[in-house]
Amino acid sequence: MTAERIAKSTIHPSIPHHLQDYDAERRAFSWDAARSALDGLPGGGLNIAHEAIDRHVARGAGAKTALRWLDKQGQPHDFSYAWLRELTNRFANVLGTLGLGKGDGVFALTGRIPFLYIAALGTLKNGSVFCPMFSAFGPEPIHQRMSIGRAKALVTTASLYQRKVAGLRTSLPDLKHVLIADLPCEAEAPEGTLNLQTLMDHASDQFTTVATVDEDLALLHFTSGTTGRPKGAMHVHGAVTAHLATARYALDLHPEDVFWCTADPGWVTGTSYGIIAPLTIGATLLVDEQEFDAERWYRTLQNEGVTVWYTAPTAIRMMMKLGADRVRQYRYPGLRFMASVGEPLNSEAVVWSNGAFGMPFHDNWWQTETGGIMIANFAACDVKPGSMGRPLPGIEAAIANLTEDGRLVFVERPDEQGELVLKAGWPSMFRGYLNEEARYRKCFVGDWYLTGDLARRDEEGYYWFVGRADDVIKTSGHLIGPFEVEDVLMEHPAVAEAGVIGKPDPVALEIVKAFVALKPGFTANEALRLELLAHARKRLGAVVAPKEIDFLPGLPKTRSGKIMRRLLKARELGLPEGDISTLEENK
Ligand code: AMP
């Protein structure tokens, strides 16, 4: 913990911060009042896409740029609110023509192309449920998500379809329609798929948004646990109340802003704040199709006049490595607020950014299940480098320990470590894991939601991240369940046992590292190691697959046969082995 502070932002004081006085705002806040900042559907009900697009058009802001998309070459393409309304209407009509309606799952597997954004919002208009997936996923994670979520339609590109989905069609009986998003109108789509552009051109641009209500399902976001298959966290239309309120408080977003959220919509950040929140506020959302490239990012911040920037620690650490001089080669006169999420943001990075950009990154904390930012450093408050900040208005957080008989004992003393817990009841909270009631129930003790993160709170109420309470791995911002990786390694004929850990890494925070024990008759050598790496990469995709594999004669297990990942990790790092009373080695 560092005692150093960075004084609250004084940049652009002409734009009053949404949150001026932390304590007063918390006292005055109510979720009912936050809900009334939304319009609701003209005939009653609430729909995210209406709040994000149509209501701005109805108020006369149709000509304003809603989405500025930079293609791979960096060329900007602008979509006004009015045009986005028309395009999402057409997409909703396409879904209707295909027989898709309320509650049906529409999945996406694309890079950050305009159709991803059009599909997300058009799906919501249609009352269907949208589920974005990372385009870097391999066939295994894609198949798991689409089968658990019973995807009825998929929006993808011709090459992603051929490489990753075509071979899965027979094992996805619910998947009726595949819409190819990158073909010119009337071009022939691959067998068993449809050309989305052709369908869009033939669809009407008039659509009456389906009258969803606050508790209707809107989004499905998959996340990983320590064991079992990925979990589909269900989010409802009412979440938009929290998206709007939290973006005002934690990102200080105003309608005048040009907002750049670098996250991919395959991750919840890229949907809640990379689509919904900025549009609901009426700002201009910047999207870059290209992946991280420091030089391009600095140029983009400068040339596009970005005012609020939301990114992640892995990218910040990569920028740090290149040095502050590179940052200073460009000018950012409009930039007034920078925030970070997804992994711990070390204090050095906060201090560095303050020197390099003239303002610090404001760390904030949340997760797939919370649907929106829960804890944040605010523009109008001092930043404590290394701290995630304080709970947002409307959010009650605490540090607690779970007793063996299932009670929560709250930690009152400052700086004492325990699990971060949140009092249930904010609108963007997940409503369950799809078809996994028991796993959902396990997240709660009474009214309190257990986050699975260890943290501590200091005497001023600032929260400090300590680590995960489980074996889940965070690599370059992606949450990876070790079980999913072990499962795929075990498919290989040579593998008898597999154990997967997160190995600390100076840039990616952790990398996925696997330990395998071989079946009799197989020899541990470099050729087999490369074969296993390739097998995992082909099945899981580059994001999830292990970067390192080591062979062991046998893996450490408990007497009940569970692989002791913690012990593997302690040995890898040369740390004390801790309690090994249940260890059964080499069995
Ligand atoms: P995800 O559900 O993929 O967004 O991952 C959520 C997890 O990322 C949290 O439970 C934390 O372990 C981690 N995380 C998110 N934000 C932060 C942060 N600001 N500091 C430390 N860890 C974070």
Practice task
Calculate the length of the line joining the C-alpha centroid of segment 376-398 to that of segment 464-520, in whole Å.
Solution key: 31
Practice task
Pick out, from A203, Y298, L402, the residue whose Cα sits farthest towards the positive end of the charge dipole of segment 33-454, with +1 on the Cβ of Lys and Arg and -1 on the Cβ of Asp and Glu.
Solution key: A203
Practice task
Based on other C-beta atoms within 10 Å, arrange C443, C381, C261, C185 from fewest to most.
Solution key: C185, C443, C381, C261
Handout entry: S159-S204 FRET efficiency (beta carbon distance; Förster radius 45 Å; 0.05 resolution)
Key = 0.90
Problem - Computed label-point distance, nm, for sites R26 and A324 using a 7 Å Cα→Cβ extension - result: 3.2
Practice task
Sticking with the crude label model, points 7 Å out along Cα→Cβ, report the distance from E396 to D71 in nm, one decimal please.
Solution key: 5.3
Exercise for the section: Using Cα centres only, tell me the gap between segment 23-81 and segment 92-148 in whole Å. Expected result: 21
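If each DSSP helix of 4+ residues adds -39,500 (n - 2.57) and the sum is divided by the residues in the chain, what number results at 222 nm, nearest 500 deg cm²/dmol? If you can, show how the numbers build up before the last one.
Values: 18 runs with 156 residues, N = 587.
After summing the helix terms and dividing by residue count, I get -7500 deg cm²/dmol.
Counting other C-beta atoms within 10 Å, which of H17, H221, H202 has the fewest, and how do the rest follow? Mind showing how you got there, number by number?
Values: H17 20, H221 26, H202 12.
So the ranking, lowest neighbour count to highest, is H202, H17, H221.
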Exercise for the section: With a 10 Å radius around each residue's Cβ, average the other Cβ atoms per peptide and rank 514-527, 125-138, highest first. Expected result: 125-138, 514-527
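Using a/c under 1.5 as the rounded threshold, could you call segment 473-584 rounded, prolate or oblate? The axes a ≥ b ≥ c are square roots of the C-alpha gyration tensor eigenvalues, and prolate needs a/b larger than b/c, oblate otherwise. All intermediate terms of the calculation are to be shown ahead of the outcome.
Values: a/c = 1.70, a/b = 1.06, b/c = 1.61.
Oblate is the answer for segment 473-584, as a/c is 1.5 or above yet b/c matches or exceeds a/b.
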Practice task
Mind checking which lysines have their Cα closer than 25 Å to the Cα of K102? Skip sequence neighbours fewer than 8 apart in that chain.
Solution key: K125, K152, K176, K231
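How large is the dipole of segment 234-348 about the Cα centre if only Lys and Arg carry +1 and Asp and Glu carry -1, each at its Cβ, rounded to the nearest 20 debye? Numbers along the way, then the final one.
On the way: 9 positive and 13 negative charges, 55 e Å.
Dipole size: approximately 260 debye.
Treat the count of other C-beta atoms within 10 Å as a stand-in for reagent exposure and order T370, T227, T262 from fewest to most.
Numbers: T370 25, T227 14, T262 21.
Lowest to highest Cβ neighbour count: T227, T262, T370.
Report the FRET efficiency, 1/(1 + (r/R0)^6), for V466 and A542, where r is their Cβ-Cβ distance and R0 is 25 Å, rounded to 0.05. Display every interim value, and only then the final one.
Details: r = 29 Å, r/R0 = 1.17.
For R0 = 25 Å, the calculated efficiency reads 0.30.
Please pull out the direction-averaged projected area of segment 33-454, using the convex hull of its alpha-carbon atoms, in nm² to one decimal place.
Numbers: hull surface 82.0 nm².
Reported value for the Cα convex hull: 20.5 nm².
As an exercise, identify the trypsin sites (Lys or Arg not before Pro) in segment 406-441 lying in DSSP coil whose Cβ has no more than 12 other Cβ atoms within 10 Å.
On the way: sites: R407, K423, R431, R439, R441; in loops: R407, R431.
Answer in residue order: R407.
In the chain, what percentage of the DSSP-assigned beta bridges are antiparallel, given to the nearest 5?
Values: 53 of 92 bridges.
In the chain, DSSP labels about 60 percent of beta bridges as antiparallel.
Which loop-located trypsin sites (Lys or Arg not before Pro) does segment 314-348 contain, where loop means any DSSP state but H, G, I, E or B and the Cβ has at most 11 other Cβ atoms within 10 Å? Don't jump to the answer; show the numbers that get you there.
Details: sites: R317, K321, R326, R328, R331, R336; in loops: R331, R336.
Filter output for segment 314-348: R331.
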Practice task
Work out which helices of the chain, taken as complete DSSP H runs, extend at least 27 Å along their axis over the Cα atoms and score a mean Kyte-Doolittle of 1.6 or more, then list them.
Solution key: none
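Throughout, read-outs are computed from the coordinates displayed, never taken from laboratory work. Please read all numbers here as calculations on a predicted model, not as lab measurements. When we count neighbours, we look across all protein chains shown, and the Cβ atoms used for this are built from the backbone with ideal geometry, even at glycine.
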